[in-house]
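Student: Sharing a structure below in structure tokens format, with a few things to ask.
The values are calculated or read from the model by the stated rules, or taken from the named source; none is laboratory data. Owing to the predicted nature of the structure, the values given are computational and were not obtained by experimental measurement. Methodologically, a virtual Cβ is constructed for each residue, glycine included, from the backbone with ideal geometry; neighbour enumeration extends over all protein chains shown.
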Amino acid sequence: MKPTTKIEPFVNMLPEWMRSVRFRITVLYSTFTFLIAAALLAALYMALFASLHDTGNLSDLQGPFRFFNTDQAGNVTNVSPPFVQDARAFQRSINAEALRNLKEFSFSALGVLFLVSLGVGWIISGRVLSPIGRIREVADHIQATDLSRRIALQGPEDELKNLADTFDRMLERLDDAFDAQRQFIADASHELRNPLAVMRTNVDVVLRDPAATAADLRSAAVVVQRATQRMGRLVDDLLALARLEAPRALSEPVDVSTLTKEVAADFDAMGRDRSIALDIDVARGLEVTGDRDALKRAVANLVENALVYSPEGSRVTLGAGLAGGWCWVAVEDSRPGIAPEDQSRVFDRFWRADKSRSRSRGGSGLGLAIVRQVVESHAGVVRLFSEPGAGSTFVVWLPAAGWDPEGPLPALPAASPLDRRAAATSA
């Protein structure tokens, strides 16, 4: 429960305009202006008071003349003339009147100054705080279904302009996130609709045919089984993506050498079934920090992707090593290659270069998206090196064990490590 202060009940009784920041700024501005002016007038008053009480200069009115007085004993004394004494009395009266008038005028001026400063402070604070009103207006009209509005505040680069720009950048990120979410939902619905349509069509055909034989029923059941398997893989991949997007706290030493060999063993049978040779070249002692299961799934997705799309009788190379502070895992296949304009999209969800071929082979369209999500959650980078007709190489770069998470990442090599290895071998 939020703690309350003793003054809050009193403040809540005030009108809304008196509880605003604008009113508080106005009062503070007027109060400080009043105090500064009062201090200045007090200093002037004290200085004038001290100056007016210094009346010694009136003795100069005697000029060069001397006035003497003789008493009964015959003694002669120097005395001030009567008009000098009257002048001094007159001066004291004028000084007192001037000080009294100064006090009256000062108090009146302070009162007027305080009232004027309230008005000026109210106008100035309103001008200064007007961008906040626009920010609030935009925030009130923003909805999750429409994040296209922006504050677009004009003016100097001050704190309020920076606040508005930050708010606009946040809205832009939210808009992109909602667009990606809507696209993801549409793509997932489309991917699920296809196997459902296949299942419904085959079941309807069998049910409408009164002369359907056991072979017809079995054939329909086989088609439905394949469709359900495809839906199962899609649901599993969607669940994996949802888990990967959640905050991750698992951080354990991972032996990449052993992990890579385990993946190769898992897919050895699949390679033999498609007459694809799976070459292994893994260095020893490779270690990173992270989630072992997630990293293994990422490497497995790359190997499976290479075996599925490489032609029969070709070769797939799985390698791992260490270079420049990075631990790398690379998968090189013999597929026809990926066009340059499509290489930036291969890691997008549900993207396929050949959708009909991918569906026939059971891909969910999420394998490479999962790879990128896993790698980036481990502060790594996944790269594609491909040329049409020359195959493709997917390389996962992960910071090697001992890297300081608070420090900068090492410089990322520009070339595929398998290309460098081949060049070194030929040399």
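Student: For the range 21-50, enumerate the residues that are of a type in the set (D, E, K, R) and in contact (Cβ under 8 Å) with a residue 24 or more places away in the chain.
Tutor: First pass over the range 21-50, keeping only residues of a type in the set (D, E, K, R): 22, 24.
Once the filter is applied, which keeps residues that are of a type in the set (D, E, K, R) and in contact (Cβ under 8 Å) with a residue 24 or more places away in the chain, the range 21-50 yields only 22.
Student: Moving on to the next point. Residues being at positive phi and either in a strand (DSSP E or B) or free of Cβ contacts under 8 Å to residues at least 40 places away in the same chain (or both): count how many of those fall in the range 376-411.
Tutor: Qualifying residue count for the region: 2.
Student: If the requirement is being in contact with a Cys (Cβ under 9 Å, 6 or more places away or on another chain), within 18 Å of residue 419 (Cα to Cα) and not in a loop (DSSP other than H, G, I, E, B), which of these qualifies: 320, 306? It would help to see each step written out before you state the result.
Tutor: Details: 306 fails: in contact with a Cys (Cβ under 9 Å, 6 or more places away or on another chain).
So the residue among 320, 306 that is in contact with a Cys (Cβ under 9 Å, 6 or more places away or on another chain), within 18 Å of residue 419 (Cα to Cα) and not in a loop (DSSP other than H, G, I, E, B) is 320.
Student: Among the residues of the range 35-58, is any modelled with pLDDT under 60, surrounded by 10 or more Cβ atoms within 10 Å (Cβ to Cβ) and over 30 Å from residue 120 (Cα atoms)?
Tutor: yes
Student: For the range 168-217, which residues satisfy the criterion of being surrounded by 14 or more Cβ atoms within 10 Å (Cβ to Cβ), free of Cβ contacts under 8 Å to residues at least 60 places away in the same chain and small (Gly, Ala, Ser)?
Tutor: Scanning the range 168-217 gives a single hit, 212.
Student: Any idea which of (1) at pLDDT 75 or above; (2) farther than 30 Å from residue 131 by Cβ is the one residue 250 doesn't satisfy?
Tutor: (1) is the only condition that residue 250 fails.
Student: Being farther than 30 Å from residue 146 by Cβ and either of a type in the set (Gly, Ala, Ser) or not in a helix (DSSP H, G or I) (or both) is the filter here, so list the residues in the range 173-227 that pass it.
Tutor: Result: 197, 209, 210, 211, 212, 213, 214, 215, 219, 220, 221, 227.
Student: Does residue 243 meet the test of being farther than 23 Å from residue 403 by Cβ and modelled with pLDDT under 85?
Tutor: Judged against the criteria, residue 243 is a match.
Student: Ok, one more. Within the range 265-287, does at least one residue satisfy the condition of being buried (at least 19 other Cβ atoms within 10 Å of the Cβ) and either acidic (Asp, Glu) or closer than 14 Å to residue 392 by Cα (or both)?
Tutor: No, that holds for no residue.
Student: Further, regarding this structure: So in the range 152-172, with the set limited to residues that are part of a helix (DSSP H, G or I) and charged (D, E, K, R), which one is modelled with the lowest pLDDT?
Tutor: Within the range 152-172, the match that is modelled with the lowest pLDDT is 159.
Student: Applying the selection to the range 104-146, what residues are in a loop (DSSP other than H, G, I, E, B) and surrounded by 11 or more Cβ atoms within 10 Å (Cβ to Cβ)?
Tutor: Hit for the range 104-146 is 142, nothing else.
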